[in-house]
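Quick notes on the structure that follows.
What follows draws every value from the coordinates through simple rules; no lab data is involved. This is a predicted model, so every value here is computed, not measured. Note that each Cβ is placed from the backbone with ideal geometry, even for glycine, and that neighbours are counted across all protein chains shown.
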Amino acid sequence: MRKNIKVPRILKINWIRDLSVSVVYNNGESRIINFRKVLKSLNITPDSPAYKLYDPKEFSKAQLVDNTLSWSNIFQLITKKNGKNEQVPFEIGADVLLKFSKPEKPELLLDIGKKVKEMRLKSGLTQQELAIRSGTTRNYISRIENERSDVELHTLKKIIETGLGKHLDLQIKE
């Protein structure tokens, strides 16, 4: 019987800088992939066509094709089942990329944690006091302030409005 293997899929490229790329996986998580590590682990040598990826200009030409990263400016030879060789764009599977990635902390999360801590201290409250006022736990307040946990909007509203006595105003800008 065949197992159902769940392969992660890349849904979007957020940005490409130098030899790093930020992508969104199908679980909604943004992750950063350091390609210096990826290329080293794949033993990409100067005689390999993929060695061009060490050039940030060539690397930045990455595209999303069938939910994985692909470079149409770099080709590799693959041997098909019939034994014939075919030249195809260089690709690295999303599962390999996931292995070499690390979570990207959204700037919004960093700002929220910092702001909650700043307002709590300004109000003269301990984490425990804020937790009691807002109906959460001290551990949860700590995780938010130290950027170790996402916060749901409903809970953030309770912390800001009930716990701190402030008004929460969210905006979406273009």
>> Placing unit charges on C-beta atoms (Lys and Arg positive, Asp and Glu negative, everything else neutral), compute the dipole magnitude of the range 10-103 about its Cα centre in debye, rounded to 20.
In response: 140 debye
> How far apart, in nm, are the 7 Å Cα→Cβ label points at SER30 and SER142?
Replying inline: 2.8 nm
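Any number yet on Rg/Rh for the range 107-163, C-alpha, Kirkwood?
0.91
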> Over the Cα atoms of the chain, what is the Rg over Rh ratio if Rh follows Kirkwood?
Replying inline: 1.16
>> If each DSSP helix of 4+ residues adds -39,500 (n - 2.57) and the sum is divided by the residues in the chain, what number results at 222 nm, nearest 500 deg cm²/dmol?
In response: -8000 deg cm²/dmol
> Using the alpha-carbon centroid of each, what span in Å lies between the range 45-89 and the range 140-174?
Replying inline: 44 Å
> Measuring from label point to label point, each 7 Å out along Cα→Cβ, what is the THR155 to LYS81 span in nm?
Replying inline: 4.9 nm
> Scanning the chain for helices, which whole DSSP H stretches are 15 Å or more long along the axis (Cα) and average -0.5 or more by Kyte-Doolittle?
Replying inline: 107-122
> Looking at the square roots a ≥ b ≥ c of the eigenvalues of the Cα gyration tensor of the range 10-60, which shape do they give, rounded for a/c under 1.5, prolate if a/b is larger than b/c, or oblate?
Replying inline: prolate
>> On a 22 Å Cα-Cα criterion, which of the cross-link pairs LYS114/LYS157; LYS122/LYS166; LYS99/LYS173; LYS105/LYS173; LYS37/LYS81; LYS61/LYS105 come out too long?
In response: LYS99/LYS173; LYS37/LYS81; LYS61/LYS105
>> If I take the Cα coordinates of the range 10-103 and project them onto the principal axes, what are the three extents in Å, biggest first?
In response: 39, 27, 21
